[in-house]
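The values are calculated or read from the model by the stated rules, or taken from the named source; none is laboratory data. Note that the structure is predicted; figures quoted are calculated from it, not measured. Quick reminder, even Gly has a Cβ in these numbers, built from the backbone with ideal geometry, and neighbours come from all protein chains shown. Side chains included, ligands, DNA and RNA excluded: accessible areas come from the protein's heavy atoms. Shrake-Rupley method; radii C 1.70, N 1.55, O 1.52, S 1.80 Å.
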Amino acid sequence: MNYIGNKLKALRQELGLTQTEMAAGVISVSFYSKVERGLNDIGVNDFLKILQKHNVKPQKFFKSFKSEQYDQKKINTLINKFVKAANEDNDKEIKVVVQEFESIEPKTSFIKSQTLLAQMIATTHDHNALKSLTENEKRKIKKIIFQKDTDENEYLRLAIIANTIRVYSFDEASFLISNIIRRYKNVNKIDRKILSALSALMVNYTNWCIEKKQFGNCSAPLKYLRKLPATVELAFSKIIGQYYEDILNDKKNEAEKIKYMLIKAGYQTIVNKIVSGK
């Protein structure tokens with residue numbers, strides 16, 4: 001079941017379809033979703049009908065599975081490298097990863113989508129670049145973020161939101177953050193990668209709140225950061241969170257110590273972007 005489910009999901013992504021479109025009325029969307037996750041077994045007749053609906057021959061469906069596994073592994077590795085580079089504002093690494101995305105062949109719909117997202121973050125993760133976006137460009141970015149099924153690419157989606165949160169109005173962003181905190185409130189049951197993306201999102205939103213002097217909005221994201229487990233992956237975000245808490249509590253000397261430590265560790269670029277006071 002896992003084999004067929006994984007293959008169907010890979011095909012759907014390659015075709016650029018939602019789960020509703022992929023099911024094509026042959027089976028229910030909820031049943032199809034469970035097939036992808038390996039929870040349901042699909043009948044032979046239904047399986048063949050779905051392939052037929054999308055003009056895919058069974059021989060092609062089962063071809064080169066090892067090669068496809070390698071490609072997917074490579075894509076996942078690139079996504080992880082890219083998100084890390086974007087969160088650290090490492091422009092040099094961002095450019096390298098974008099070039100790697102652009103070099104992947106064949107250019108399936110899924111690859112094109114991931115390349116577009118990488119290019120989007122590369123050009124908008126900087127605050128000044130985001131400020132220069134038109135409203136039409138912002139709408140396009142929001143559409144890209146939410147165009148996939150809600151259960152798909154969860155980590156990547158959160159990482160994109162973290163890096164492009166300012167494409168929203170401040171009120172929209174505040175509503176979004178509130179919903180995300182509520183959805184992911186049980187931090188002990190969340191995958192570490194997703195926690196990493198969530199922590200970056202809380203940091204970036206808090207920075208924006210302090211810039212706008214909306215200090216009351218800082219409470220929820222900072223409380224969320226404190227709840228996160230003390231792991232190596234989350235250390236940087238938790239340190240930045242403590243810096244913001246010191247800023248908000250007028251502990252200027254403590255905040256300056258954190259900034260000094262970050263600069264000594266080589267994070268001058270990030271220090272330049274975080275707010276320096278209320």
Phi to ³J(HN,Hα) by Karplus 6.51 cos²θ - 1.76 cosθ + 1.60 over region 235-248, Hz, x for Gly, Pro
4, 4, 4, 5, 5, 4, x, 5, 4, 5, 4, 5, 4, 5
Taking 0.36 nm per residue of separation and subtracting the Cα-Cα distance, what length does fully extending R192 through K227 add?
11.2 nm
Mean accessible area per residue over region 153-278 (1.4 angstrom probe, all protein chains present, square angstrom) is 51 Å²
Alpha carbons only, please: Rg and Dmax for region 1-51, in angstrom.
9.4, 24
Of K185/K213; K7/K92; K212/K238; K84/K185; K185/K238, which pairs sit farther than 28 Å apart, going by alpha carbon to alpha carbon?
K7/K92
Derived scalar couplings ³J(HN,Hα) [region 183-194; Karplus, 6.51 cos²θ - 1.76 cosθ + 1.60; whole Hz; x for Gly, Pro]
5, 10, 5, 8, 5, 6, 10, 10, 4, 4, 4, 5
Can you pull the one-decimal nm distance between simple spin-label points at S30 and K81, each 7 Å off the Cα toward Cβ?
4.2 nm
With θ set to phi - 60° and the Karplus curve 6.51 cos²θ - 1.76 cosθ + 1.60, what are the ³J(HN,Hα) couplings of region 216-222 in order, to the nearest whole Hz, using x for Gly and Pro?
x, 6, 6, 4, 5, x, 5
How much accessible surface area, in Å² rounded to 10, belongs to the heavy atoms of D171 with a 1.4 Å probe?
120 Å²
Sum of side-chain charges, E100 neighbourhood, beta-carbon under 9 Å (Lys, Arg +1; Asp, Glu -1)
+1
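Between Q214 and T18, what FRET efficiency comes out of the Förster formula 1/(1 + (r/R0)^6) with R0 = 25 Å and r the beta carbon distance, rounded to 0.05?
On the way: r = 36 Å, r/R0 = 1.44.
Computed FRET efficiency for T18 and Q214: 0.10.
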How about region 201-278: which chymotrypsin sites (Phe, Trp or Tyr not before Pro) there lie in a loop by DSSP and see at most 16 other Cβ atoms within 10 Å?
none
Once you place label points 7 Å from the Cα toward the Cβ at V96 and D250, how far apart are they in nm?
4.6 nm
